[in-house]
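Below: one structure, written as structure tokens.
The values are calculated or read from the model by the stated rules, or taken from the named source; none is laboratory data. The structure presented is a predicted model; accordingly, all values stated were derived computationally and were not measured. Note: ideal-geometry Cβ built from the backbone for every residue, glycine included; neighbour counts use all protein chains shown.
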Amino acid sequence: MNGSYARSRLKAFVTSIFCFLTLIGAYVCTIILLANRLGYALSFVLTLAIGILAYVGVIEPLAYLRHGVDYSLSTMAVKLGCRAPVILNPSTKGYAGCVIGIFPHLRFIVINKRLLNELSKGEVEVLLAHEVAHLIERHNLKHVALGLLLTLITAIFIESIALWSMWMSFVIIILILYTRRHERDAAKIAANAVGSTKYKEVMKKIDELSRGRRSTLLNAWYKITHPDIS
Ligand SMILES: [Zn+2]
């Protein structure tokens, strides 16, 4: 087990470095794009970067590495249907969990460490089921693909600043609706796995625990993108 534990840490490290370099790449590309107005190839790189960054949390995963991979939660994730190392996030910020990465074998589930003390094992399993559902459905990859498509359209068709402003408003709405759809799908899959009533109860509890630790803006984002399931 020690060997695979060490490998998981190495993979998490590689993922984090990749994300970090992508962030720097995105900044460089933005500057070049702004200087040259258009650059089709660079637009691709930029969107790929932004798509990944939107899900990755970027530099934070580097910090998680100190805490390593949680073996018992990783085993629980396998039982729920996905082989992905679970990393604990020591952040005091109010997010409960997320998934990192788009490539097979380089994907991770992150759970807020603080919640482990506040939830029972069965309740943590519910949160894990939600994150596993995101991985099974490859939601991160789908988001990156949509980002690429939208950027390609931007690069080919959008030439004036006025049109760009309108288009970008439209893009933001599309991305919110797409995120909302993925959250609803993940909720349904998780509810099927652990039971609908239990799922709703636990997610409500997690939301109540996390709400006070989040900024108003982040709370609004959660509310918009996480629909209630019926
Ligand atoms: Zn989710």
- prompt: If you check every pair at least six apart or on different chains, which have Cβ atoms under 7 Å apart with a residue in segment 138-153 that is within 16 Å of the ligand (Cβ to nearest atom) first and a residue that is part of a helix (DSSP H, G or I) and of a type in the set (S, T, Y) second?
  reply: N140/Y55; H143/Y55; H143/Y178
Within segment 106-135, tally of residues that are surrounded by 18 or more Cβ atoms within 10 Å (Cβ to Cβ) and out of contact with any Ser or Thr (no Cβ under 9 Å at 6 or more places or on another chain): 16
Among (1) touching a residue at least 40 places away in the same chain (Cβ under 8 Å); (2) within 16 Å of the ligand (Cβ to nearest atom); (3) over 18 Å from R211 (Cβ atoms), the one test that H130 misses: (3)
- prompt: Going by the conditions given, is N192 touching a residue at least 60 places away in the same chain (Cβ under 8 Å) and within 16 Å of the ligand (Cβ to nearest atom)?
  reply: no
- request: Might you check whether a residue that is more than 14 Å from the ligand (Cβ to nearest atom), crowded, with 18+ Cβ neighbours inside 10 Å, closer than 14 Å to S210 by Cβ and in contact (Cβ under 8 Å) with a residue 24 or more places away in the chain occurs anywhere in segment 76-92?
  value: yes
field: Residue check, N140 at pLDDT below 90 and closer than 18 Å to I109 by Cα
entry: yes
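On the given criteria, is T179 farther than 19 Å from V69 by Cα, outside any loop (DSSP other than H, G, I, E, B) and either within 16 Å of the ligand (Cβ to nearest atom) or out of contact with any helix residue (DSSP H, G or I) (no Cβ under 9 Å at 6 or more places or on another chain) (or both)?
yes
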Selection count, segment 169-189, where residues are free of Cβ contacts under 8 Å to residues at least 12 places away in the same chain and of a type in the set (A, V, I, L, M, F, W, C): 4
